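Below is one structure, written out as structure tokens, with a few remarks after it.
The values are calculated or read from the model by the stated rules, or taken from the named source; none is laboratory data. Quick caveat: nothing in here was measured; it's all calculated off a predicted structure. Glycine gets a Cβ as well: all are built from the backbone with ideal geometry, and neighbour counts include every protein chain shown. Accessible surface areas use protein heavy atoms only, side chains included; no ligands, DNA or RNA. Shrake-Rupley method; radii C 1.70, N 1.55, O 1.52, S 1.80 Å.
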Amino acid sequence: MSSTAGSATVAGPRIYRGLNRREKAGWIGGLTPAQALVCIGLAVPVLLALAAGNWAQVLVLAPALGFTAALVVVPVRGRPALRWLGDLVMFQLGVLMGWSVWQSKAAAGVPGPADEADLPGVLARVAFPDGPPFRDQGRVCLIHDTAEGRWGATARLTHSGVGMLSDAECERLASRLGNLLLGIGHREVIDRMSLLVRTVPDDGTEYEVWRAAHQRPDAPPLARQATDELDRTVGSVSVRTELFVTVSGTESALRRPAEAAGGGVAGRAYALYRVLDGLDDGLKALGVRTVTWLSGAGMAEAIRTGFNPAAAGVLANHHLTRPDADGATGLPMAAAGPTLAPSPAARAYHHDGFSSVSYAVLMPEPGTVFGSLGPLLAVRTAGERRTVAIHYEVMSQRAASRTVQANRFRAGVVTDWKASKGFSTSATDHRRAGGATAQEHAVAAGHAMVRFAVTSSMTVPAHWNLEDHAAKLENDASGRFRLLRLELAQDSAFVAAALPVGIGLPRLRGALD
């Protein structure tokens, strides 16, 4: 997912610019040190042959080694050709060895403990322990990413949307979002926040339950017929929207406050709860009406409906017809995942009778405005589901200062070198230099620097033509954003785009904490 990452400084304007700055840009002609060393090593045999005057050997080595250098250097849809080759070999090896095929323990007849997650792929590294009670919301499910050493929690939000808001209202929300991220940057416990929006095909379960409880047996037949016809017409195109937020912090940041709170899972939960208490007001300032931190059963349902949108109706019917008296029971975590996830295809992910295709959303160079991702959620066909996830990481002040200084120094070196050699600087060079200077000034003034990744997915029943619906999503993004289909990694991309677990932003290697 590293190709989706970018950075921007958090201020208050409605227009966001400087969003597609690459992380760890190469110093030597845009090459990383490893790529530069490989190119130098490939050039040595050619130079030795030239020095010896062996022209026949030069004619043989130059094309072969030049082609190898192109494989290492030239990017193809976000990855160098050699990286594509390595990923393809690993993908095919996983398919041939059967490592990519996954089946739940329950489907195999050997179910595990009810509170133990049984999930495929990248989710196998995530544990979901229950924390102690949090205010009046009961126990909160913690998300423990054992690979990256992160602890987090997820909340379900209700929001009226931004589609009907004026430009002034969107500008105020953009400023408040910047303030929220800036506030996260000033905390020592959490540093990441992920927002996930999912459309849900509305099967009318809640209405059917309500109608069955309130329908009069002596209603006129014509009224019943008209109501049924209206229900079929309206219900077939109805769409609902789910909104989740996930916040997380590193183990190193949580360790000291967790030890002061008693240590263990409970200590880490208490350290997180202190931050969650202060997030509610920041989220409500963005127009959020309710914030409900998910319990284990709530998290299991959020994951289950992510893999299988058709399960939402069954779960809603269960809650409406057999409400839990104490809220302690619900879907067990062992049933959160899919029943079967066959060997993934290179360009799609198949799960529980559904097929999904996921993309990285690349921001435009001129910038974007608050609410501009809305067209990616515009459902074109009844029964399809779309998702958009935005993953933010607020960098520490030390790491942000080092990054912007390196960007400014690199841009200045390129400009000065071209001027000394008599080459004119391009408009791109001027833009990068100006952007690097502006970012350095913003960080020096106290603003935060935010890493981000945006992903989007489309899910349809497995018997539908997935490519036709994927083309509709690409058409909706055309002229606004560039979609990068995450081929050979569709299973991991699906987790980043459709599941509220906070996975989707790669670790920034070499950054100072």
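Kirkwood hydrodynamic radius of the stretch 277-323, from the reciprocal of the average inverse Cα-Cα distance over all distinct pairs: 12.5 Å.
Applying 0.36 nm per residue to the separation of Arg410 and Ile40 and subtracting their alpha-carbon distance, the gain on full extension is 131.1 nm. Rolling a 1.4 angstrom probe over the stretch 45-96 with all protein chains present gives an accessible area of which 78% lies on carbon and sulfur atoms. Be a star and scan the stretch 279-299 for residues whose amide nitrogen sits under 15 Å from the point 7 Å along the Cα-to-Cβ vector of Glu169. Counting backbone N atoms under 15 Å from the label point, the list is 285-289. The portion of the accessible surface of the stretch 350-488 made up by carbon and sulfur, rounded to a whole percent, is 55 (1.4 Å probe; DNA, RNA and ligands excluded). By the gyration tensor of its Cα atoms, with a ≥ b ≥ c the square roots of the eigenvalues, what is the shape of the stretch 385-433: rounded for a/c under 1.5, prolate for a/b over b/c, or oblate? Note, shape of the stretch 385-433 comes out oblate. When only alpha carbons are used to place a centre, the stretch 439-462 and the stretch 40-77 end up 40 Å from one another.
What FRET efficiency comes out for Arg289 versus Trp464 if R0 is 25 angstrom and r is the Cβ-Cβ distance? Round to the nearest 0.05. The computed FRET efficiency comes out at 0.15. Highest mean first, the peptides 455-462, 153-160, 261-268 sorted by other C-beta atoms within 10 Å per residue fall in the order 455-462, 153-160, 261-268. Placing unit charges on the Cβ atoms only, positive for Lys and Arg and negative for Asp and Glu, gives the stretch 366-512 a dipole magnitude near 560 debye about its Cα centre.
Measuring only protein heavy atoms, the 1.4 Å probe finds Asp277 accessible over about 80 Å².
Ordering Pro75, Ala411, Val288 by the projection of their Cα atoms onto the charge dipole of the chain, which places +1 on the Cβ of Lys and Arg and -1 on the Cβ of Asp and Glu, puts Ala411 at the extreme positive end. Put simply, when 294-300, 392-398, 55-61 are sorted by average Cβ atoms within 10 angstrom per residue, most first, you get 294-300, 392-398, 55-61.
With the helix formula -39500 (n - 2.57) applied to DSSP H stretches of n ≥ 4, the chain reaches a computed 222 nm mean residue ellipticity of -14000 deg cm²/dmol. The mean of 1/r over all distinct Cα pairs in the chain, once inverted, gives the Kirkwood hydrodynamic radius of 25.4 Å. Each principal axis of the Cα cloud of the stretch 70-145 was evaluated for its coordinate range; sorted largest first, these ranges are 59, 35, 13 Å.
Our analysis of the stretch 316-430 gives Rg over Rh at 1.18, with the two radii drawn from alpha carbon positions and Rh computed by the Kirkwood formula.
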